[in-house]
Number of protein chains: 2
Amino acid sequence: MIITNNVKKTKRILNVQKLDNKVIGFVPTMGLLHEGHLSLVRQAKAKSDFVVISIFVNPIQFGRGEDYGSYPRDIKADSKLLMEEGVDLIFCPNQKDMYPSDFSVFVDETELSQSLCGKSRPGHFRGVCTVLVKLFNVIVPDKVYFGQKDYQQALIVKRLINNLNYDIKMYVLPTIRENDKLAMSTRNNYLNDNERKDSRCIYEALSLGKELIKQGETRVFVVVDKMKNVIMKKRSTKIAYIEILDAVNLKSLKKIKGKILIALAVYINGTRLIDNIAISVK
Amino acid sequence: MIITNNVKKTKRILNVQKLDNKVIGFVPTMGLLHEGHLSLVRQAKAKSDFVVISIFVNPIQFGRGEDYGSYPRDIKADSKLLMEEGVDLIFCPNQKDMYPSDFSVFVDETELSQSLCGKSRPGHFRGVCTVLVKLFNVIVPDKVYFGQKDYQQALIVKRLINNLNYDIKMYVLPTIRENDKLAMSTRNNYLNDNERKDSRCIYEALSLGKELIKQGETRVFVVVDKMKNVIMKKRSTKIAYIEILDAVNLKSLKKIKGKILIALAVYINGTRLIDNIAISVK
């Protein structure tokens, strides 16, 4: 396994693989890898000839007052895990190589990013789209792997790949959950024991929403209100958003019908967690 | 010579060349080719193994009320010229393939595009950057060729290539001029005989500016005012801008010194023409 922080070296290594007609699988991450990431890595490993993982905490996708500074990093532990998975290359660029002082080119998505996390974290998806275009241009992958936990991100990346004519096949894999159903996330590390217990309300709320809809409820506000009650029972919580949207275009629904997404972002004290369920309603 | 409007077919053809380790030279154009374009094509031909020219009048780089609809197109004449130059592939995509109804991803440059044409044509460089990223992703060129007539565009493209980690070498070639020194431009076709004569004032103004600076004038407003007088002598003219800027970062100058750019945009009746001279001042 090669570990490099150098853009040119990474390109050189990958060019050799490309000329050898190897299929490049790529999983972009911000590190501190958990089973969610590893499920993507394993799929990449199973379906490509050469697997690249990037580890880069991307400053421009964090807003002011967000957790860029405190976001946990442990490249040693990550490397060990990725070595065990048989990954071929870890690319962990420096911030100043990725964003030199003359950096002034940004990639923006203007429709799908108007709701949910795009609305509650202005500039977030601009940061995500920009860094992904950079990473795609360095790695030139044939296949990329993302998790459904970041549902909106996955839709936006799919749009980006299609709109900008990248020759990349994208795979979105199911959310991996802890035993108590909390969605795996690097930010779960921020939670103390009590907060960790309180965080169960997130999946409970989603499950209640799903259940109500399965029982025939078609009014968005009724489902959302009952979900809110579940979250607000815990003192440590603050709701950023709970929304039920069209799962394809993330637009508001007059009535719950078709492919829909129940998505939420909740703060447990200071920690912002997101989760979602996508379902089909006849 | 292959002519195609199909993205997938174009990628397939170029993949074969890439796997064969061929150097791909690329010149993006909006068609109606003149000697300015052809100087780029010839350089590409001399320095690459496989030469691709795109012909695409890019709607999103035109503002409201600009000449997108009337911009001249003549793919037959262009093909004939390019065939004679020994070009390998002409890529002339359809508008709806380039911009499907769900198009929502855009590329923006936020510093160099704040002055000159970026200021007088809001959204123009966003359109240019977006279409170039798309074309770069389809063609995956090793070398690209641009003209110095579009000086600001060339600086922005260079920034885009570097900032977004494209593995592309960029060449900027000198402005090609008519016998009377008017910079070659597809838009020169809009001019009638009188307008064509009046348009000479553009190069006269630039030359006067250069001369004044060479004689030791260091005050921007003095040079610009004298240039304005040259332009305004002709009744058909309207000045969009005349500016003297730092040639590297396009920022305002307190004093004319170092690498500087004299740039202007002038309407001859309805026709918007641009031109520039870059010089070094001790």
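The values are calculated or read from the model by the stated rules, or taken from the named source; none is laboratory data. In this text, all values refer to a predicted model and were calculated from it rather than measured experimentally. FYI the Cβ positions are ideal-geometry reconstructions off the backbone, even for glycines, and counts take in every protein chain you see. These area figures cover heavy atoms from the full protein model, side chains too; ligands, DNA and RNA do not enter into them. Shrake-Rupley method; radii C 1.70, N 1.55, O 1.52, S 1.80 Å.
Within the option set B:80, B:18, B:76, being part of a helix (DSSP H, G or I), within 14 Å of chain A (Cβ to nearest Cβ) and surrounded by fewer than 21 Cβ atoms within 10 Å (Cβ to Cβ) holds for one residue only, B:18.
This table checks each residue for (1) within 14 Å of chain A (Cβ to nearest Cβ); (2) open to solvent by less than 30 Å² (accessible area, probe 1.4 Å); (3) within 30 Å of residue B:135 (Cβ to Cβ); (4) touching a residue at least 24 places away in the same chain (Cβ under 8 Å).
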| residue | (1), (2), (3), (4) |
| --- | --- |
| B:174 | no, no, yes, yes |
| B:205 | no, yes, no, yes |
| B:209 | no, yes, no, yes |
| B:218 | no, no, no, yes |
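With under 30 Å from residue A:1 (Cβ atoms) and modelled with pLDDT under 95 as the only criterion, which of A:78, A:97, A:74, A:142 stands out?
On the way: A:78 fails: modelled with pLDDT under 95; A:74 fails: modelled with pLDDT under 95; A:142 fails: modelled with pLDDT under 95.
Every option except A:97 fails the conditions.
When the stretch A:1-15 is filtered for residues that are in a loop (DSSP other than H, G, I, E, B) and surrounded by 16 or more Cβ atoms within 10 Å (Cβ to Cβ), only A:5 remains.
Limited to the stretch B:111-143, what total is found for residues that are charged (D, E, K, R), part of a helix (DSSP H, G or I) and within 12 Å of chain A (Cβ to nearest Cβ)?
Here is the first cut: in the stretch B:111-143, the ones charged (D, E, K, R) are B:111, B:119, B:121, B:126, B:134, B:142-143.
Applying the additional criterion that residues be part of a helix (DSSP H, G or I) yields B:119, B:126, B:134.
Cutting the leftovers down to within 12 Å of chain A (Cβ to nearest Cβ) gives us B:126, B:134.
Matching residues across the stretch B:111-143 total 2.
Filtering B:180, B:150, B:167 for residues that are free of Cβ contacts under 8 Å to residues at least 60 places away in the same chain and assigned by TED's automatic domain parsing to the domain that holds residue B:89 leaves a single hit, B:167.
Report yes if residue B:107 is outside any helix (DSSP H, G or I), open to solvent by 40 Å² or more (accessible area, probe 1.4 Å) and either touching a residue at least 12 places away in the same chain (Cβ under 8 Å) or under 18 Å from residue A:137 (Cβ atoms) (or both), otherwise no. Show your work before the answer.
On the way: outside any helix (DSSP H, G or I): yes; open to solvent by 40 Å² or more (accessible area, probe 1.4 Å): no; either touching a residue at least 12 places away in the same chain (Cβ under 8 Å) or under 18 Å from residue A:137 (Cβ atoms) (or both): yes.
When the stated conditions are applied, residue B:107 does not pass them.
Working only within the stretch A:140-172, note down all residues that are of a type in the set (Ser, Thr, Tyr), under 16 Å from the mean Cα position of the chain (by Cα), open to solvent by less than 60 Å² (accessible area, probe 1.4 Å) and more than 22 Å from residue A:67 (Cβ to Cβ). Can you show your working first?
The first filter runs over the stretch A:140-172 and keeps only residues of a type in the set (Ser, Thr, Tyr), leaving A:145, A:151, A:166, A:171.
Checking the rest, the ones that are also under 16 Å from the mean Cα position of the chain (by Cα) come to A:145, A:151, A:171.
From the residues that got through so far, the ones that are open to solvent by less than 60 Å² (accessible area, probe 1.4 Å) too are A:145, A:151.
The one that is of a type in the set (Ser, Thr, Tyr), under 16 Å from the mean Cα position of the chain (by Cα), open to solvent by less than 60 Å² (accessible area, probe 1.4 Å) and more than 22 Å from residue A:67 (Cβ to Cβ): A:145.
The set of residues in the stretch B:83-94 that are away from every other protein chain (no Cβ under 14 Å), under 16 Å from residue B:29 (Cα atoms) and open to solvent by 30 Å² or more (accessible area, probe 1.4 Å) comprises B:83, B:85, B:88.
All conditions but one from (1) part of a helix (DSSP H, G or I); (2) of a type in the set (Ser, Thr, Tyr); (3) within 13 Å of chain B (Cβ to nearest Cβ) apply to residue A:101; the one that does not is (1). Under the condition of being in contact (Cβ under 8 Å) with a residue 24 or more places away in the chain and either among the basic types (Lys, Arg) or open to solvent by 70 Å² or more (accessible area, probe 1.4 Å) (or both), the residues counted in the stretch A:33-69 number 5. Does at least one position in the stretch A:187-195 carry a residue that is away from chain B (no Cβ under 14 Å), open to solvent by less than 40 Å² (accessible area, probe 1.4 Å) and of a type in the set (S, T, N, Q)? Scanning the stretch A:187-195, I find at least one residue that is away from chain B (no Cβ under 14 Å), open to solvent by less than 40 Å² (accessible area, probe 1.4 Å) and of a type in the set (S, T, N, Q), so the answer is yes. Only one of the listed residues (B:32, B:40) is in a loop (DSSP other than H, G, I, E, B) and more than 14 Å from chain A (Cβ to nearest Cβ). That residue is B:32. Scanning the stretch B:36-72 for residues that are charged (D, E, K, R) and more than 18 Å from residue B:272 (Cβ to Cβ) turns up B:42, B:45, B:47, B:49.
When restricted to residues that are under 23 Å from residue A:189 (Cα atoms), surrounded by fewer than 16 Cβ atoms within 10 Å (Cβ to Cβ) and of a type in the set (S, T, N, Q), the stretch A:224-282 contains 1. Summed over the stretch B:147-171, the residues that are more than 11 Å from chain A (Cβ to nearest Cβ) and either under 26 Å from residue A:15 (Cα atoms) or of a type in the set (Asp, Glu) (or both) give a count of 4.
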